[in-house]
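Please read the structure below before turning to the comments.
What follows draws every value from the coordinates through simple rules; no lab data is involved. Note that the structure is predicted; figures quoted are calculated from it, not measured. As a convention, Cβ positions derive from the backbone with ideal geometry for all residues, glycine included, and neighbour counts pool all protein chains shown.
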Amino acid sequence: ADIVRLPMPQKQRLDLHELLQNMAKLMEFNARSREITLEWALHPQPIWLDADRQQLEQVLVNVLKNAFESIGRGGKVIFKTSPSQLEIIDSGAGISADVAAQLFTPFFSTKKNGQGIGLTLVREILHNHGFSASLQTEEVGKTVFRVGFWG
């Protein structure tokens, strides 16, 4: 929070699935130009959150940009929801254990021109909402960004 001054969330009731679908439309051109397919594994019922729409949109943009960069060209991103969590799964290159331990550290970046604040911002936004966040490669071709809605 000292690095990135964020306003406290202005929470409103929102449908997570609608938010995801709107963000996918926004990122669709970028995905298509990289030959990345977007897949859906959504819970059958709407998932309602009390959250700041703009801040969650910022989280999703950062996470999707990172996923697309990790994939490069020709892969997929899966949006998977349950009442307690959101998973964004990508088929990119993956994250080593050494890098994974530092991902949410301010100013740490694996990108040549990276500033190292994207995931710090993401974690801070989610923390201010009372949500948890993790990012790890679970197996080759399966890196999961996971948001727990209830802490």
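So the values come out like this:
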quantity	calculated
Spin-label model distance (nm) - V144 vs E28, 7 Å beyond Cα toward Cβ	2.8
Residue-count net charge about L19 - beta-carbon cut-off 10 Å; Lys, Arg +1, Asp, Glu -1	-2
Of K25/K76; K11/K65; K11/K80, pairs whose Cα-Cα distance is over 21 Å	K11/K65; K11/K80
Projected label distance in nm at M8 and K65, using a 7 Å step from Cα toward the beta-carbon	2.8
Pair H127, K80: separation of 7 Å Cα→Cβ label points (nm)	2.7
Cα-based shape type of segment 19-97, given that a ≥ b ≥ c are square roots of the gyration tensor eigenvalues and the cut on a/c is 1.5	prolate
